[in-house]
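These notes concern the structure reproduced below.
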Protein chains: 2
Amino acid sequence: MKKISDSTIGRLSTYYRTLGELIEQKVQTVSSEKIADLNGITSAQVRKDLSFFGTFGKRGLGYNTVALKDEIGRILGLKQNWNVALAGIGNIGRALIDYGEFKKQGFFIKAIFDNDPQKVNSELKGLKVHHIDDVCEIAKKEKINIVIIAVPVKNAQSVIDQFIDCGIRAFLNFAPTSIKVPGDVMVKNENMSIELEALSYYLTQN
Amino acid sequence: MKKISDSTIGRLSTYYRTLGELIEQKVQTVSSEKIADLNGITSAQVRKDLSFFGTFGKRGLGYNTVALKDEIGRILGLKQNWNVALAGIGNIGRALIDYGEFKKQGFFIKAIFDNDPQKVNSELKGLKVHHIDDVCEIAKKEKINIVIIAVPVKNAQSVIDQFIDCGIRAFLNFAPTSIKVPGDVMVKNENMSIELEALSYYLTQN
C-alpha cells in the first residue's frame, strides 16, 4: 500500500464524523461535493483521499453513507477497541479520563500513571493510580496499545522511553516538546494552541 | 493574497515551533530539507507553504532561523496578544485556564463563563466566573477577540450564537458537534480523538 499522508488520515477521521452525522439525519447517499462542502475543502480532495483505499460509490450515484463510514472505520482501525494508558494526572490528564469522544470511537483508558507519591495508589474515576515505574507490569496486564502522555515537559521524554522499553509503539503526546523515538514508534503531538493560531491568522488577515 | 489552506496554516504553526527549538539550540540557518525532516514531510512542501507569503532565505544558503520565525509569527498574527474568553468550566475548561502554551503564544484567558448557578460569581484561578448571559458586557469590557467553547454538546450552538450576537468572530470549539455559523465567523474544532485515530490507523497498518 502507498504511504498515506498524515493529512489524508486526518481528513478520513473528519469524513467519518460527517458520515456519522448524515446517517443520524437518515441520509442514505452522499456526493463527494457534499462531503467536501460540509468540511470546507474541494471535492477533488475528497475523491483523491478515498482513491488511495480503493473504489467507493458509483459514478453519478454518490456514496452509500453507511457503507462508506464502515469502510473508513475499518481503514482507521476503529472496528476494534483499543486499550489506552494515561501518564500524568494533572488538569489535562483528569479531563481526558472521562472524555466521551475517546470511548465513542473505541479508545478505553484502562490504566493511569503518575509519579507523585501523594497520588500513587489513590483512586481516580474508578481507576487506581499506578507508579510510573510499574509501567511494564501494568501495560502487559491491561494489554495497553496506546499511551497518552500528559506529564510535564521535563518528564515527557523519559516517560515515553519507559513505555517504549515495555513494547508500546503509539503515543499521543500533550507535552509541548519534541520527542525522539525509534522509527517503528509513532508519536502524535496534541498542541491545543495550534488551532488558536489558525484563528489569530484569520483575524489578522480578514 | 491567495486563499491559503488550513493545512498550510497548521504547518506554519509547526515550522514556527521547529524554528523556536532550533533557535534555542543556537542554530542560525536552516534548510527546507532540515525543517521538512524534523516534521516528517517533504522539503517541497515546506518551500511551497512558505512561497505563498513571499521569498525567504537565499538559494543554497537556507533560511535565517530568527528572521523566518519572526516572519511566520507576523503572518500568524502572533506579534500581538489576544484576549480569549472561555465558556464552560468543566474538566476540559479548567485544564485550559492555565494551559501554559496559550500564554506562551500570546493567548490570554481574560474572562470565564458558565451557566451553573453554583459556579457563577465564584472565583477560579484568579478569574471571576460570569454568567453566560452577561457575555456582551464582559466581552466588550475585556476586549475579547477569541472564545473557547468547552460547554456540553447540547449547549454549544446556543452559546456560540450568544457570542456571535456580541460581535465575536473566532471560536475554538471543544464540543464534539458541528456548529453552524455565518460566513464571516470562523470555528476551529478541537477533537482530541482524531489524533488517536491516526495512531489506531498506524497500529492497524503496520
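The values are calculated or read from the model by the stated rules, or taken from the named source; none is laboratory data. What you see is a predicted model, and the numbers here were worked out from it, not measured in a lab. Reconstructed Cβ throughout: ideal geometry from the backbone, glycine too, with neighbour counts over all protein chains shown.
Values as computed for the structure displayed
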item	result
Those residues of the stretch A:119-166 which are without any contact (Cβ under 8 Å) to a residue 24 or more places away in the chain, small (G, A, S) and in contact with a strand residue (DSSP E or B) (Cβ under 9 Å, 6 or more places away or on another chain), in sequence order	A:S122, A:A156
So A:S13, is it free of Cβ contacts under 8 Å to residues at least 40 places away in the same chain and small (G, A, S)	no
Residue count for the stretch A:83-131, restricted to those that are among the small types (G, A, S), buried (at least 19 other Cβ atoms within 10 Å of the Cβ) and modelled with pLDDT of 95 or more	4
Cβ pairs under 7 Å, 6+ apart, first in the stretch A:84-103 and over 20 Å from A:K143 (Cα atoms) and at the interface with chain B (Cβ under 8 Å from one of its Cβ atoms), second in a helix (DSSP H, G or I) and of a type in the set (S, T, Y)	A:E101/B:S193
Residue count, the stretch B:83-111 (criterion: more than 19 Å from A:G90 (Cβ to Cβ) and outside any loop (DSSP other than H, G, I, E, B))	8
Matching entry among A:L172, A:L203 (being surrounded by fewer than 18 Cβ atoms within 10 Å (Cβ to Cβ) and of a type in the set (A, V, I, L, M, F, W, C))	A:L203
Residues being surrounded by 15 or more Cβ atoms within 10 Å (Cβ to Cβ) and of a type in the set (S, T, N, Q) - total across the stretch A:24-54	5
Helices (runs of 4 or more DSSP H) contained in the stretch A:117-206 and holding at least 2 residues under 18 Å from A:L96 (Cα atoms) and not acidic (D, E)	A:153-165
Residue list for the stretch B:172-206, filter: modelled with pLDDT of 90 or more, more than 7 Å from chain A (Cβ to nearest Cβ) and farther than 16 Å from A:E197 by Cα	B:A175, B:V181, B:P182, B:D184
Residues of the stretch A:55-82 classified as crowded, with 18+ Cβ neighbours inside 10 Å and either away from chain B (no Cβ under 14 Å) or assigned to a strand (DSSP E or B) (or both), total	5
